[in-house]
1. Need a quick list: helices (runs of 4 or more DSSP H) entirely within the range 1-62 having at least 3 residues that are of a type in the set (S, T, N, Q).
2. If V9 meets every condition in (1) of a type outside the set (G, A, S); (2) more than 23 Å from L79 (Cα to Cα); (3) without any contact (Cβ under 8 Å) to a residue 24 or more places away in the chain apart from one, which number is that one?
3. Scan (1) outside any loop (DSSP other than H, G, I, E, B); (2) under 21 Å from Q19 (Cβ atoms) for the single condition Y74 breaks and write down its number.
4. Suppose we keep only residues that are exposed (fewer than 10 other Cβ atoms within 10 Å of the Cβ) and of a type in the set (A, V, I, L, M) within the range 3-23. Which one would you say is modelled with the lowest pLDDT?
5. Do any residues in the range 43-64 that are of a type in the set (K, R) have Cβ atoms under 6 Å from those of residues that are at pLDDT below 95, where the two are at least six apart or on different chains, and which pairs are they?
6. Could you tell me whether any residue of the range 44-51 is modelled with pLDDT of 75 or more, of a type in the set (V, I, T) and in contact with a His (Cβ under 7 Å, 6 or more places away or on another chain)?
Amino acid sequence: MAMLTDLDVENILGYLQQQRENMAELLQRLALVESPSSDPHALCQILTILTAELKVAGMSVRHLPGSASGGLLYAREPLRSARFPCRSGRGHR
């Protein structure tokens, strides 16, 4: 597993600080969508927002529908760095 250097950490923190306003706006948009776990359609609204954001970021996105949930998203970068080959994220069912 690749280890982050101090410079990597500084670069990541700098980028995140620059994106703070955008991240807060996205979080607000997601929080304002009513998405009870018992309503697959409502969860799909969240996945639609996330799909659009991930695509804007250059990710390849695939929605895997769920039978009792909104499903899940699988997203990946078209070309991965050999140093950081994969990333993972999860959400609630």
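The values are calculated or read from the model by the stated rules, or taken from the named source; none is laboratory data. What you see is a predicted model; the values in this text were computed from it and never measured. Positions of Cβ are backbone-derived with ideal geometry, glycine not excepted, and every protein chain shown enters the neighbour counts.
1. Values: elements: 6-18, 20-32, 40-56.
Per the criteria, 6-18, 40-56.
2. (2)
3. So the condition that Y74 fails would be (2).
4. Out of the qualifying residues, it is M3.
5. These pairs meet every condition: K55/V61; R62/Y74.
6. First, pick out the residues of the range 44-51 that are modelled with pLDDT of 75 or more: 44-51.
Right, trim to of a type in the set (V, I, T) and you get 46, 48-49, 51.
Right, trim to in contact with a His (Cβ under 7 Å, 6 or more places away or on another chain) and you get 51.
For the range 44-51, residues modelled with pLDDT of 75 or more, of a type in the set (V, I, T) and in contact with a His (Cβ under 7 Å, 6 or more places away or on another chain): present.
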